[in-house]
Amino acid sequence: MNCLSFIVRLSILFCLAATSAQAQSAMELYRRAQSKAEMQNYRAALKDLDAALALDPRLIQAFNYRGYVKDELDDYRGALKDYNMAISLKGDYSEAYANRGKSKRKLNDLKGAIEDFTTSIALNPNEKDAFLGRGLSKQDLADYDGALKDLNKAVSMDPAYGKAYSLRGQVKLLKGDILGACNDLLKAQKLGYSPPMAAFKEHCN
């Protein structure tokens, strides 16, 4: 092996080691951001995610999670940009579609939200949050039958899904099914999810 060949190989090994270290550091920052977000320290989590993506611009899950953090900070348009990037890097990322649907709904893009939730469900039929989000969006459009169908699906997928029971109860109230609504609101309460107290007190006491 001549000297030049040895130097080239050594340089390649050094670059590979540096890339691997960067990727590992980016993943560590991503995990630390998750821990901070779980404690609702979203601003600190956002800083870690920015740093992680600076080290590894193709860390797909970090784009998705930064979108979630921005959504929690009410930066819905910023969240959309990150979800768009995650989806551009991984076209079958069902969770990113569901998350983007949530942000679109908050921006009152209900048609776009429903399209994203539907895509998420097509990619992963077990994405219960996508059924819940689509049900909420249909409720916003006064499509109560469609909303009820999606919320029924969410509950059937997870019988301990308190939020889904609460939201289904609210849709049933809008449809005039007081008994069914109260049963769902009580179920949500038993599961630890507080129902809307005004509606609960008015109809279920």
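Considering the range 83-109 alone, what residues qualify as being under 12 Å from the mean Cα position of the chain (by Cα) and without any contact (Cβ under 8 Å) to a residue 24 or more places away in the chain?
Passing the criteria: only 83.
Anything in the range 71-93 that is more than 23 Å from residue 122 (Cβ to Cβ) and acidic (Asp, Glu)? List them, or say none.
72, 74, 75 - these are the residues of the range 71-93 that are more than 23 Å from residue 122 (Cβ to Cβ) and acidic (Asp, Glu).
Any residue in the range 183-198 that is charged (D, E, K, R) and surrounded by 15 or more Cβ atoms within 10 Å (Cβ to Cβ)? Steps first, answer last, please.
The first filter runs over the range 183-198 and keeps only residues charged (D, E, K, R), leaving 184, 187, 190.
Subsequent filtering for residues that are surrounded by 15 or more Cβ atoms within 10 Å (Cβ to Cβ) retains 184, 187.
Scanning the range 183-198 turns up at least one residue that is charged (D, E, K, R) and surrounded by 15 or more Cβ atoms within 10 Å (Cβ to Cβ).
From the set of residues in the range 57-112 that are closer than 17 Å to residue 33 by Cα and polar (S, T, N, Q), which is surrounded by the fewest Cβ atoms within 10 Å (Cβ to Cβ)?
61
Being at pLDDT 95 or above, among the basic types (Lys, Arg) and either under 18 Å from residue 102 (Cβ atoms) or not in a helix (DSSP H, G or I) (or both) narrows it down to one of 81, 47, so name that one.
From the options 81, 47, the qualifying one is 81.
What do you reckon, is residue 156 in a loop (DSSP other than H, G, I, E, B), over 14 Å from the mean Cα position of the chain (by Cα), farther than 27 Å from residue 80 by Cβ and among the polar types (S, T, N, Q)?
Details: in a loop (DSSP other than H, G, I, E, B): no; over 14 Å from the mean Cα position of the chain (by Cα): yes; farther than 27 Å from residue 80 by Cβ: yes; among the polar types (S, T, N, Q): yes.
Considered against the rule, which asks whether it is in a loop (DSSP other than H, G, I, E, B), over 14 Å from the mean Cα position of the chain (by Cα), farther than 27 Å from residue 80 by Cβ and among the polar types (S, T, N, Q), residue 156 comes out as no.
Is it the case that residue 116 is touching a residue at least 24 places away in the same chain (Cβ under 8 Å), closer than 26 Å to residue 153 by Cβ and of a type outside the set (Phe, Trp, Tyr)?
no
The values are calculated or read from the model by the stated rules, or taken from the named source; none is laboratory data. Since we're looking at a predicted model, the values are computed, not measured. FYI the Cβ positions are ideal-geometry reconstructions off the backbone, even for glycines, and counts take in every protein chain you see.
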